Amino acid sequence: MTNLLGIFESFGPTVKDLLGPILRYGPNRYSICEPSAAKSIYGHGTQFAKSAWYSSWTTPGSWSLFPDQDIKSHAHGRSLFQSTYSMTALVSYEAFVDECGALICQRLQEIAENGESVDMRHWFQCYAFDVIGIITFGNRFGFLDRGEDVGSLIQALDGHLFYATLVGLLPSLHPLLYRIRNLWAGRKGTGRGYILSFTLEQIADHRAGADAKFEKETTEKREETRTEPFLSKFLVKHAEDPEKFSHQQHVVAACVSNVTAGSDTTAISLSAILYYLIKNPDCLLRLRVEIDEFQSRGQLSGYPSFKETQQMTYLQATIKEALRMHPATGLPLERVVPRDGIEIAGQYFPKGAIVGINTWVEHRNSTYFGQDADQFRPERWLIKDTEALSHMNQHWIPFGLGSRTCIGRHISMLEITKVIPRIVRDFDFELVSSEAGKEATWSTQNVWFVKPTDFIVRVKARAKMS
């Protein structure tokens with residue numbers, strides 16, 4: 001089953017060339033790679049709801065934004081959170097991200113001094129988890145402090161991802177299997193149940209230590225500062241209108257979603273960026289030249305700011321290209337054809353058919369990205385042909401597309417754009433082969449996410465610029 005789930009990562013990019021724009025990958029399930037598909041399926045105003053496969057991603061009987069299959073319900077729910085997750089609000093959290101950035105650099109310095117080889121995906125996940133902890137609850141979880149899976153949270157998340165991916169194929173079994181699985185695991189449950197228990201403990205700890213006056217401040221006053229953790233803002237919203245912004249359906253659900261979705265995707269993206277830079281030393285050199293030039297002109301701080309990094313064109317192109325080459329999700333973004341049916345790529349799909357675009361296939365399509373679509377080449381994003389750039393951007397979908405674009409994408413991009421120039425500036429990385437005589441590379445674990453494994457590197461500190 002794991003091999004079947006990985007088909008799109010290993011074989012998917014060439015599917016269109018071999019089999020055409022439509023691939024049937026299960027009963028009534030179709031992966032589509034055709035220019036008009038994105039707008040037809042995911043465009044704003046379309047009535048393609050998420051498939052029942054997504055229902056296994058939440059606790060049975062409870063609401064969560066990500067798996068919500070009701071289009072109107074999702075739109076309403078998203079509107080309640082949109083301002084909190086906007087980039088305008090998130091840039092005020094830079095100090096939180098800087099704190100975690102300083103700590104991962106400290107750990108890398110220690111690793112370099114000890115001459116160790118380490119799995120960088122693990123350290124990137126530690127970084128991402130601690131950022132989520134401090135942004136959501138006001139304190140780091142301690143992953144970077146300890147360098148290990150704190151409270152077995154990563155293990156629980158891995159279990160949840162595997163469970164949800166498989167059980168989503170038979171969603172009617174989810175209520176029963178979820179209950180059996182968590183009863184068997186004990187008081188704190190397992191997978192999603194364990195993450196829920198962990199989140200409830202974090203909320204209880206936060207509320208126990210919160211100042212009563214602070215809790216009663218108005219949302220308007222809180223939004224002026226935008227420096228308090230998400231949970232504090234959610235609790236204020238709840239206090240102001242408990243019916244509109246309920247504790248269980250909104251406060252708890254949003255915090256659980258942050259914990260569930262906030263580390264894996266960012267760790268995968270960070271790993272992809274570093275991996276492709278190591279594999280392409282000319283690109284790494286060009287990025288370092290840009291970093292050094294910005295720093296020498298006083299345009300790059302010791303702790304790079306988000307605003308500074310937006311001016312670094314090669315950095316932005318590198319990030320974009322790595323997320324094109326290795327998007328986090330590895331399965332089609334399933335939607336259900338509405339009642340009138342639809343024709344795509346010359347094929348009619350009736351009501352109830354499940355259709356979707358696979359990001360891996362879309363991102364390797366030579367029609368959109370050129371004949372070298374399988375090659376890592378950040379320069380493709382630096383061309384002056386605005387029409388070609390617009391065409392590529394339309395098919396660059398690492399965070400999804402349409403009204404269901406990942407609401408947490410700005411958190412991820414904030415983490416990525418601030419830490420990558422820092423570690424590239426301060427450290428050298430060398431891939432280490434897991435077997436003598438074999439090329440140094442990595443493997444991937446293919447479930448819903450395409451997670452790098454065995455991303456073993458040797459770290460060396462670079463000389464600081466004067």
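What follows is calculated from the coordinates using simple rules that are stated; it is not laboratory data. A quick note: this is a predicted structure, and the numbers were derived from the prediction, not measured. Cβ: placed from backbone, ideal geometry, glycine included. Neighbour counts: every protein chain shown.
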So if I take the centroid of the Cα atoms in the stretch 417-466 and the same for the stretch 349-378, what is the distance between those two points in Å? 27
Cut-off is 10 Å between beta-carbons; in what order do Arg409, Arg121, Arg324, Arg140 appear when sorted fewest neighbours first? Arg409, Arg140, Arg121, Arg324
R0 of 25 Å, Cβ-Cβ distance Gln347-Leu169: FRET efficiency to nearest 0.05: 0.65
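In debye, nearest 20: dipole of the chain around its Cα centre with unit charges on the Cβ of K, R (+) and D, E (-)? Spell out each step's value before the answer.
Working: 50 positive and 52 negative charges, 182 e Å.
About 880 debye.
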Ranked highest first by the average count of other Cβ atoms within 10 Å around their residues, in what order do 352-361, 60-69, 192-201 fall? 352-361, 192-201, 60-69
Count charges around Met312 for me, please; just the other residues with Cβ under 13 Å from its Cβ, Lys/Arg as +1, Asp/Glu as -1. +4
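If each DSSP helix of 4+ residues adds -39,500 (n - 2.57) and the sum is divided by the residues in the chain, what number results at 222 nm, nearest 500 deg cm²/dmol?
Numbers: 24 runs with 242 residues, N = 466.
When only DSSP H runs of four or more count, the value is -15500 deg cm²/dmol.
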Measuring from label point to label point, each 7 Å out along Cα→Cβ, what is the Gln371 to Asp241 span in nm? 5.7
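Any idea what the dipole of the stretch 284-338 comes to, in debye rounded to 20, about its Cα centre with Lys/Arg Cβ at +1 and Asp/Glu Cβ at -1? Could the numbers behind the result be given before it?
Values: 7 positive and 6 negative charges, 19 e Å.
Value, rounded to 20: 100 debye.
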Any of Lys233/Lys307; Lys39/Lys384; Lys320/Lys438; Lys279/Lys320; Lys307/Lys384 with alpha carbons more than 19 Å apart? Name them for me. Lys233/Lys307; Lys39/Lys384; Lys320/Lys438; Lys307/Lys384
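So if R0 is 51 Å, what FRET efficiency would Ser296 and Arg339 give, r being the distance between their Cβ atoms, rounded to the nearest 0.05?
0.25
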With contacts defined as alpha carbon pairs under 8 Å and 6 or more residues apart, what's the relative contact order of the chain in percent? 26
What is the distance in Å between the Cα centres of the stretch 29-75 and the stretch 268-292? 34
Hey, can you list the DSSP H helices of the chain whose Cα span along the axis is 20 Å or longer and whose average Kyte-Doolittle score is at least 0.5? 120-137, 153-167, 264-279
Between the residues Phe376, Cys126, Ser86, the Cα farthest towards the positive end of the dipole of the chain, that dipole coming from +1 and -1 charges on the beta-carbon of Lys, Arg, Asp and Glu, is from Ser86
Answer with a single label: of [x] 64, 62, 45; [y] 69, 50, 42; [z] 80, 64, 47, which was calculated as Cα extents along the principal axes in Å from the structure in view? [x]
Which of the aspartates and glutamates could be linked to Lys464 by a straight reach, that is with a Cα gap under 13 Å, when you skip same-chain ones fewer than 8 residues away? Asp292, Asp426, Asp428
Computed lengthening from Glu430 to Asp205, 0.36 nm per intervening residue step minus Cα-Cα distance: 76.9 nm
May I ask you to derive the FRET efficiency for Arg78 and Glu113 from their Cβ-Cβ distance with R0 = 56 Å, giving the value to the nearest 0.05? 0.75
